[in-house]
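These notes concern the structure reproduced below.
The values are calculated or read from the model by the stated rules, or taken from the named source; none is laboratory data. Worth saying up front: this structure is predicted, and the values here are computed from it rather than measured. Quick reminder, even Gly has a Cβ in these numbers, built from the backbone with ideal geometry, and neighbours come from all protein chains shown. Ligands, DNA and RNA are excluded from the accessible area calculation, which covers all protein heavy atoms including side chains. Shrake-Rupley method; radii C 1.70, N 1.55, O 1.52, S 1.80 Å.
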Amino acid sequence: MQRVLVVDDDPSVRNFLKRGLAYEGFAVDLAESGEVGLRMARERQPDFVILDLMMPGIDGLEVLRRLRAVDESLPVIMLTAKDTPEDQIKGLETGADDYVVKPVSFEVLLARIRALLRRRGKEVGGVLRFDDLTLDPSAFTVRRGNRNIQLTSVEFKLLQEFMEQPDRVLPKQTLLDRVWGLDFFGDVNVVEVYVKQLRQKLEAEEEPRLIHTIRNVGYVMRRT
């Protein structure tokens, strides 16, 4: 599970991003100031950072400089209301990978996050195939036969787990740990909900079932 650190002094922005990113399958850490953000980055290394520019105390540019001093490859997106060309140039020259001006739709921000992670090799992997199903991690695409299938990030990761281990029974707890992360404390039955959603999309045109239930154990991907 990829971990994002959101550093912004506006609680409405933090909550908005947490809801959207968590739904898409990211683990989300929130920091209300630059000082807290730097401390959290030291304690638990994020896969990427969404960083506000204007904050009291340590501002976004200084946070960015300190993050870059420790890890030059850490992806950082600046999300700020400052929209002048001078501000954008300063943010990019300081080391931001992308500069996004508020307000921005969550869908646009998510697309830019995924594009950044692909460029940084965070989602790159070989194409997986099983029966008539194809999953491409680098392009974030799934096809069944000639049909494109749109999945959320969580559904995508769940399917990837099955396709990487075909014909192997995967217990619910194993799937929960690998897809949602070891720090997820929700009910294991969330796996059932997402498997149901995944089946609906994979079988939308009455294709044969590929993900089968093993009663009281878990699930397995195999041909009918």
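State the extension gain, in nm to one decimal, for the chain segment bounded by LYS90 and GLU205, taking 0.36 nm per residue of separation less the distance between their alpha-carbons.
Stretched fully, the LYS90-GLU205 segment lengthens by 36.3 nm.
Accessible area per residue of the chain at 1.4 Å probe, in Å²?
About 51 Å² of surface per residue is accessible.
Under a plain spin-label model, where a point goes 7 Å from the Cα along Cα-to-Cβ, how far apart in nm are GLN197 and ARG19?
Rounded to a tenth, the inter-label distance reads 1.6 nm.
Jot down the per residue volume, in cubic angstrom and as a whole number, of the convex hull over the alpha-carbon atoms of the chain.
Taking only Cα atoms, the chain has a hull volume of 129 Å³ per residue.
For the range 1-119, give the magnitude of the charge dipole about the Cα centre (Cβ charges: +1 Lys/Arg, -1 Asp/Glu; no others), in debye to the nearest 20.
Numbers: 17 positive and 21 negative charges, 82 e Å.
I would put it at about 400 debye.
Note the angle between two axes, namely the Cα long axis of helix 11-23 and the longest principal axis of the Cα atoms of the chain, as a number of degrees from 0 to 90, rounded to the nearest 10.
For helix 11-23, the angle is close to 20 degrees.
From the backbone phi of the range 160-175, what are the Karplus-calculated ³J(HN,Hα) couplings (6.51 cos²θ - 1.76 cosθ + 1.60, θ = phi - 60°) in whole Hz, Gly and Pro given as x?
4, 4, 5, 6, 7, 9, x, 6, 10, 6, 10, x, 4, 5, 5, 5
Residue by residue through the range 42-47, which ³J(HN,Hα) values in whole Hz follow from phi under the Karplus form 6.51 cos²θ - 1.76 cosθ + 1.60 (θ = phi - 60°), with glycine and proline marked x?
So the J values, rounded to whole Hz, are 6, 6, 9, 4, x, 7.
Stretched out fully, how many nm does the piece from GLN173 to LEU110 gain, at 0.36 nm a residue minus the Cα gap?
The GLN173-LEU110 span can extend by a further 19.9 nm.
Determine ³J(HN,Hα), in whole Hz, for all residues of the range 77-83 in sequence, where each value follows from phi through the Karplus function 6.51 cos²θ - 1.76 cosθ + 1.60 and θ = phi - 60°; x replaces Gly and Pro.
10, 8, 10, 8, 7, 6, 10
What is the angle, in °, between the Cα long axis of helix 190-202 and the longest principal axis of the Cα atoms in the chain? Nearest 10 is fine, range 0 to 90.
Approximately 70 degrees, to the nearest ten.
Taking +1 at the Cβ of each Lys and Arg and -1 at the Cβ of each Asp and Glu, which of SER105, VAL190, LEU67 sits farthest along the dipole of the chain towards its positive end, judged by Cα position relative to the Cα centre?
VAL190
Would you compute, from DSSP H runs of 4+ residues alone, the mean residue ellipticity of the chain at 222 nm, taking -39500 (n - 2.57) per run and dividing by the full residue count, rounded to the nearest 500? Present the calculation step by step, with values, prior to reporting the outcome.
On the way: 8 runs with 87 residues, N = 224.
It lands at -11500 deg cm²/dmol.
Taking Cα atoms, how many degrees apart are the long axis of helix 60-70 and the longest axis of the chain, rounded to 10 and kept between 0 and 90?
Rounded to the nearest ten degrees, it is 70.
Mind checking the full-extension length gain between ARG222 and MET54? Use 0.36 nm per residue of separation minus the Cα-Cα distance, one decimal, nm.
55.3 nm
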